[in-house]
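Asks: The structure that follows is given in the form of structure tokens.
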Amino acid sequence: MDRFTEQLDNCKSEAELEELRHQLFKESVRIRAEQAQLEKDYDDLHRERKALMGERRQLQREKRQLSIEMNQLRETVEYERKRLKDDERLLDKKQKIIERSYALFETDRQNLRDEYAKVEQERANLRRANLSARKEVYATGLFFRGVNNQVALKKRYKELMKIYHPDNSCGDQEILIKINEEYEELKERFNRVGRQA
């Protein structure tokens, strides 16, 4: 501006003055253009700043949301770890129970085998006893007719005791004495046959 003032003072002719006016006009137009450009740049910067602020707020919201999700994920992971440990312990307990049950099962199986062997041995002994008893001894008394071994004898004796015991309503002392005599006699006879076999 000082330069133009100095040039204005140095102008001696109308043409120089016109030239100076023309330069001032150009300078004014240039300044307005620059001002308009600056305002436009300022508006652009303002819009960019607003956009950046919006993006910043969006990033902060996303950061908070991500933080919340991370905390939830941590809690979920901790819960799942704890649940897995509990499941592991439960599976260990179940496995121990199964192992103990299997051991008991094996013990029971062995006991059953032993018991089966004993039953087979007793069955063989009873067959031999039955064969020898059938050949030699049959009960012919009143109460024990058809009995041919000690097991059947004991069974019939118990049945008769239930029926004829004096404490029973249809019990009879005299019949009970006869039953006992016959039972003792047959028992002795079966014992003799068993010793001989």
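Asks: Which residues, taken from the range 149-189, are touching a residue at least 12 places away in the same chain (Cβ under 8 Å), under 60 Å from the mean Cα position of the chain (by Cα) and outside any loop (DSSP other than H, G, I, E, B)?
Replies: Correct list: Gln150, Val151, Leu153, Arg156, Tyr157, Leu160, Met161.
To keep it simple, each residue is scored yes or no on (1) closer than 30 Å to Gln150 by Cα; (2) hydrophobic (A, V, I, L, M, F, W, C); (3) surrounded by fewer than 10 Cβ atoms within 10 Å (Cβ to Cβ).
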site: Leu45; (1), (2), (3): no, yes, no
site: Arg56; (1), (2), (3): no, no, no
site: Val77; (1), (2), (3): no, yes, no
site: Gln121; (1), (2), (3): yes, no, no
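Asks: I need the full set of residues from the range 10-23 which are out of contact with any helix residue (DSSP H, G or I) (no Cβ under 7 Å at 6 or more places or on another chain) and either modelled with pLDDT under 70 or surrounded by 12 or more Cβ atoms within 10 Å (Cβ to Cβ) (or both), in order please.
Replies: Scanning the range 10-23 gives Glu16, Leu17, Glu19, Arg21, Gln23.
Asks: Here's a follow-up. Could you tell me whether any residue of the range 159-180 is of a type in the set (Phe, Trp, Tyr), at pLDDT 80 or above and over 26 Å from Arg123 (Cβ atoms)?
Replies: Within the range 159-180 (the criterion being of a type in the set (Phe, Trp, Tyr), at pLDDT 80 or above and over 26 Å from Arg123 (Cβ atoms)), the answer is yes, since at least one residue qualifies.
Asks: Please go through the range 141-158 and give me each residue that is modelled with pLDDT under 85 and surrounded by fewer than 15 Cβ atoms within 10 Å (Cβ to Cβ), ordered by number.
Replies: Hits for the range 141-158 are Gly141, Leu142, Arg145, Gly146.
The values are calculated or read from the model by the stated rules, or taken from the named source; none is laboratory data. Every value quoted in this text rests on a predicted model; they were computed, and no experiment measured them. Neighbour counts run over all protein chains shown; Cβ positions are idealised from the backbone, glycine included.
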